[in-house]
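Here's the structure we're looking at; comments come further down.
The values are calculated or read from the model by the stated rules, or taken from the named source; none is laboratory data. Remember, predicted model here, so these are calculated numbers, not experimental data. Cβ placement follows ideal geometry from the backbone for every residue including glycine, while neighbour counts extend to all protein chains displayed. Side chains included, ligands, DNA and RNA excluded: accessible areas come from the protein's heavy atoms. Shrake-Rupley method; radii C 1.70, N 1.55, O 1.52, S 1.80 Å.
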Amino acid sequence: MSRHVVIVGAGPAGLGAAAGALRAGADVTLVDASEQPGGQYHRMLPDAFAAADPGRLHHGWQGFERLRDHVLRHPRCDWWPESTVWSIERHDEGTPAVHVLRGEADAAGRERRVLQPDALVLAPGAHDRVLPFPGWELPGVYTAGAAQALAKGERLVVGDPVLIAGSGPFLLPVAASLIEAGATVLEVLEANPAATVARGWARRPWELASQAGKAGELAEYAGLLARHRVPYRTGRAVIEARGDGRVEEAVTARLRPDWSVVPGTERTVPVDALCVTHGFSPQLELPVAAGCALARTPGGAFTEVDTDQCTTAPGVYAAGEITGIGGAPAARTEGLLAGWIAGGGDPGAREAGALRRRRDQARAFAARLAAAHPIGAAWPGWLRDETVVCRCEETTYGSLCRAAGDEASGSARAVKLGTRAGLGPCQARVCGPTAAELLSGKVPGANPHHRPIAQPIRLGELASPPTENTPDPDQKESAR
Amino acid sequence: MTRIVVLGAGMVGAACARELALAGFAVTVVDRSGPAAGTTAHGEGNVLVSDKGPGPELELAKLSRELWPAILDGDPNADAAEWDPKGGIVVATTAEGAGALTEFAEGQRKAGVTAEEMDVAALAAAEPHLTRDVAKAVRYPEDAQVQPTGAATALLAAAVRAGAELRTGCEALGAVRRGGRITGVRTSAGTIEGDAVVNAAGPWSGEVAKRLGVRLDVRPRRGEVLVTAPMPPTVFHKVYDADYVGAVGSAAEDLQASAVVEATRGGTILLGSSRRRVGFDDRLRPEVLSVIAAKALRLFPMLAGVPVIRAYGGFRPFVPDHLPVIGADPGLDGLWHATGHEGAGIGLSAGTAAVLRDLMLGREPAIDADPFRADRPAVQSEGENL
Ligand SMILES: Cc1cc2nc3c(=O)[nH]c(=O)nc-3n(C[C@H](O)[C@H](O)[C@H](O)COP(=O)(O)OP(=O)(O)OC[C@H]3O[C@@H](n4cnc5c(N)ncnc54)[C@H](O)[C@@H]3O)c2cc1C
Ligand SMILES: Cc1cc2nc3c(=O)[nH]c(=O)nc-3n(C[C@H](O)[C@H](O)[C@H](O)COP(=O)(O)OP(=O)(O)OC[C@H]3O[C@@H](n4cnc5c(N)ncnc54)[C@H](O)[C@@H]3O)c2cc1C
């Protein structure tokens, strides 16, 4: 019998992994919480502004469609859309079991399933990271990802005019989709100074050459901004949002390279909406639950993988944003390699070598992106005592600092339980990295990614016994 | 001034440090991690008399229940402890359970516990969302709850105000002995001298005892709790299934669970809890969580659609005869134990600290402390210290 590979996440990494594992001859179950395959990449589907440059952007899209169709139509691939992995169960030995809820998220009584694969590929991606600032909890302040998803999916602009701020290369595609959807973008603010951004991008130009597609895309976005006369300013950030019940104006200011505010440079800009992004936080709860070690990098914690995308946990592979933030092509390449190895493919095969080289180039590119868009250590200087740090529980910066400063309550868990930071519905997905950073060095830390219930599960669903699954290629669930 | 080293800054160590510092001892609290980072942060905060039958543990529970309000009264951090004397309701869902509950409550009443029979109307008024499928319900107005880490850190802060020193990130490695006495503790941060040492290391106190060169059979017993998304007020008391009593009093290794349902100040509902003997294995088992969910739904079927957003678990410090250990070590002069409270260490910490203080001062404790002696066979037996 051939190997059964379960892949969690059907973004570029997961689709790549499915293709790799299928190629190696394995039976694949591809699981994703959304209805559609494609992950973040699908949500940023560039068809809206494909009009701006139908040729190239459309070309990339066709590549994605080919991969998707190849995988989903493959006889050995079982595609489980609307299937959420809520828990991963480690055994004493061997590959962990995957606990899945099948069915529409809002529907009552999703079905509980358990998959026991020979190998598991984790590709759950990342989510938007937003640093807090006074007023960030006001309605009208959006994560860039949310704004973009609305613009693409629903052709809805979050407001008009809109200001886009934060750090990272994804400021540009977000601006582009909002412009395409018809919004007036006032300006795009990159918090890092031009020198840092340029140094990151210009160092080691040969890597740029191998990633020409990616860099070319960025140039195109920049061109679009120029045509619409949208200024792209570096070394400036939104340090406060103000408004009565909804954002009405943004306060922007010049930043030093460490992101401390240059006094006297504040400017007030009337806005209807504000989009912010400070990069991505990898979704590490599944790899942590599977027993994978994490690698600490200057850009934060990621899943540790070896040259074949093997994690430190037996039978578990990782690909895509959970191993580093590098964009869709990097994620896809890692996925192909992870899937090939997980599916029992020969690590010495020529194509595996080629994949490793492409992966390494993509990784180098990702490292450069991270270097060009670091998060300045002085950002907490924007915060005030009453600034909300955890939006679910309305924990303020002041109360967090007081709890951390008090020696009797000074442990990460005591601070968390005492201030409730991270205990609300988002389970610290938004505020977790922020709180960890604000507390680092002040209190002994706990693992902020320890979240054994990875996704909410209703009591009724939990109480009902699960169905065990063994793959049977003739009984594809998705074909029923 | 007599110097006392307290090993462990959990609920029990915090309560002991506070009492001892207030009694005039020079106290140093040592924890290898941070304050309230162990079991205390991984359980629930029930302060119960309802689950204890007549006997020494009930006496300790009654003493603790009396002391808690006094301890928190006027404490600047009392708010963090979230003391809530909301009362508990124990329900039996079967005829068999109803019989056992009737008998159990009768015994408790004789021992001075308030246990009020509830009729259908009173139950429906008290807990409108509870299942109507109840064979018997008893209300225990004395049951209360605290937020364990808040309570522990409040008591630690009180100890510090009374002169205690707190040393975190400092692991106890061994004993310094002179002439058959313990005169200090070797730690990862150097030697800490003391005229007496209190072992309050919770489920690790067996291991700590071993490091200090003595024997103490305290083992971990795993427990898990589910947390729902915040809800409008739905559950108003602490509500337990009557087989809670059965689960506590057993030592079976395999899974047991009994429903304990309570709302927290944050609006979430805590659903506990399981009891398993798995050593220090901290993996959460979906099938265990499933059993907890099923038990809770038997009491509150209307919660079926409510999302569970979190689960956590800890290791109860378990002694085979289900009684805490409070008293002097029989083999090593100057060493004291305050541990082994299993699933009740939060509630029992207040009484434990008062009893320990009196014993260390050579005074008569408020209750008979003999049943908690460290030289009893259950504690000194050749146990596999898991
Ligand atoms: C606003 C924005 C703009 C971007 N612009 C560009 C760009 O211009 N060029 C570029 O190359 N890249 C861009 N990216 C990045 C690109 O989308 C990512 O690099 C890529 O999608 C990462 O692939 P992935 O497979 O690792 O993760 P994802 O694409 O995030 O896929 C992860 C999948 O896993 C699923 N999942 C997660 N957890 C679970 C679970 N518990 N159970 C079941 N399923 C789960 C999710 O539903 C998702 O479908 C952009 C991203 C954003 C947000
Ligand atoms: C699921 C669950 C539910 C529960 N529900 C309740 C309830 O409702 N009501 C109730 O009263 N009780 C409850 N309990 C029990 C209660 O949590 C414990 O009895 C109590 O927390 C024990 O406190 P402790 O201070 O003895 O131990 P801990 O809180 O574990 O403290 C021991 C400390 O010792 C430290 N330590 C260990 N080894 C060393 C060393 N070598 N050197 C230095 N320091 C060391 C640890 O870091 C730790 O901080 C529950 C427990 C669980 C698991």
TODO: Tell me which residues, restricted to segment B:307-344, are of a type in the set (Val, Ile, Thr) and within 16 Å of ligand 1 (Cβ to nearest atom).
DONE: B:Val308, B:Ile309
TODO: Just give me the residues in segment A:77-126 being of a type in the set (D, E, K, R), in contact with a helix residue (DSSP H, G or I) (Cβ under 7 Å, 6 or more places away or on another chain) and crowded, with 19+ Cβ neighbours inside 10 Å, in sequence order.
DONE: A:Asp78, A:Arg110, A:Arg112
TODO: Tell me, yes or no, whether segment A:352-370 has at least one residue that is farther than 24 Å from B:Ala152 by Cβ, among the aromatic types (Phe, Trp, Tyr) and touching a strand residue (DSSP E or B) at 6+ places or on another chain (Cβ under 6 Å).
DONE: no
Open item on the list: Which pairs turn up if I take residues in segment A:230-251 that are part of a loop (DSSP other than H, G, I, E, B) and look for partners that are crowded, with 22+ Cβ neighbours inside 10 Å and of a type in the set (Asp, Glu) with beta carbon separation below 9 Å, at least 6 apart in sequence or on another chain?
Closed with: A:Gly235/A:Glu190
- [ ] Determine which single condition A:Ser167 fails, assuming it passes every other condition in (1) polar (S, T, N, Q); (2) closer than 28 Å to A:Cys292 by Cα; (3) buried (at least 24 other Cβ atoms within 10 Å of the Cβ).
- [x] (2)
TODO: Select, from B:Glu117, B:Glu142, B:Glu106, the only residue that is open to solvent by 20 Å² or more (accessible area, probe 1.4 Å), in contact with a Pro (Cβ under 8 Å, 6 or more places away or on another chain) and not β-branched (Val, Ile, Thr).
DONE: B:Glu142
Open item on the list: Any residue in segment B:39-62 that is away from chain A (no Cβ under 14 Å) and in a loop (DSSP other than H, G, I, E, B) sitting within a Cβ distance under 9 Å of a residue that is open to solvent by 20 Å² or more (accessible area, probe 1.4 Å) and within 7 Å of ligand 2 (Cβ to nearest atom)? List the pairs, counting only those 6 or more apart or interchain.
Closed with: B:Asp51/B:Gly343
Task: Scope segment A:354-386; condition over 29 Å from A:Ala10 (Cβ atoms), open to solvent by 20 Å² or more (accessible area, probe 1.4 Å) and part of a helix (DSSP H, G or I); matching residues - done: A:Ala371, A:Pro380, A:Gly381
Open item on the list: Any residue at all in segment B:264-284 that's open to solvent by 10 Å² or more (accessible area, probe 1.4 Å), assigned to a helix (DSSP H, G or I) and at the interface with chain A (Cβ under 8 Å from one of its Cβ atoms)?
Closed with: no
- [ ] Can you confirm whether segment B:100-110 contains a residue that is of a type outside the set (Gly, Ala, Ser) and under 15 Å from B:Pro141 (Cα atoms)?
- [x] yes
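Yes/no matrix, rows are residues, columns are (1) within 16 Å of ligand 1 (Cβ to nearest atom); (2) farther than 30 Å from A:Thr29 by Cβ:
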| residue | (1), (2) |
| --- | --- |
| A:Gly348 | no, no |
| A:Ala367 | yes, yes |
| A:Ala370 | yes, yes |
| A:Cys390 | no, yes |
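A quick yes/no check of all residues on (1) within 14 Å of chain A (Cβ to nearest Cβ); (2) within 17 Å of B:Gly10 (Cβ to Cβ); (3) buried (at least 23 other Cβ atoms within 10 Å of the Cβ); (4) within 13 Å of ligand 2 (Cβ to nearest atom):
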{"site": "B:Leu155", "(1), (2), (3), (4)": "yes, yes, yes, yes"}
{"site": "B:Ala158", "(1), (2), (3), (4)": "yes, yes, yes, no"}
{"site": "B:Ile182", "(1), (2), (3), (4)": "no, no, yes, no"}
{"site": "B:Ala209", "(1), (2), (3), (4)": "no, yes, yes, yes"}
{"site": "B:Leu216", "(1), (2), (3), (4)": "no, yes, yes, yes"}
- [ ] State yes or no: is B:Gly351 crowded, with 22+ Cβ neighbours inside 10 Å, away from chain A (no Cβ under 14 Å) and closer than 13 Å to B:Ala200 by Cβ?
- [x] no
Open item on the list: Just checking, does segment A:465-474 include any residue being more than 11 Å from chain B (Cβ to nearest Cβ), modelled with pLDDT under 85, in a helix (DSSP H, G or I) and more than 29 Å from B:Arg32 (Cα to Cα)?
Closed with: yes
Open item on the list: Being assigned to a helix (DSSP H, G or I), open to solvent by 20 Å² or more (accessible area, probe 1.4 Å) and of a type in the set (Asp, Glu) is true for just one of A:Glu334, A:Glu351. Which residue is that?
Closed with: A:Glu351
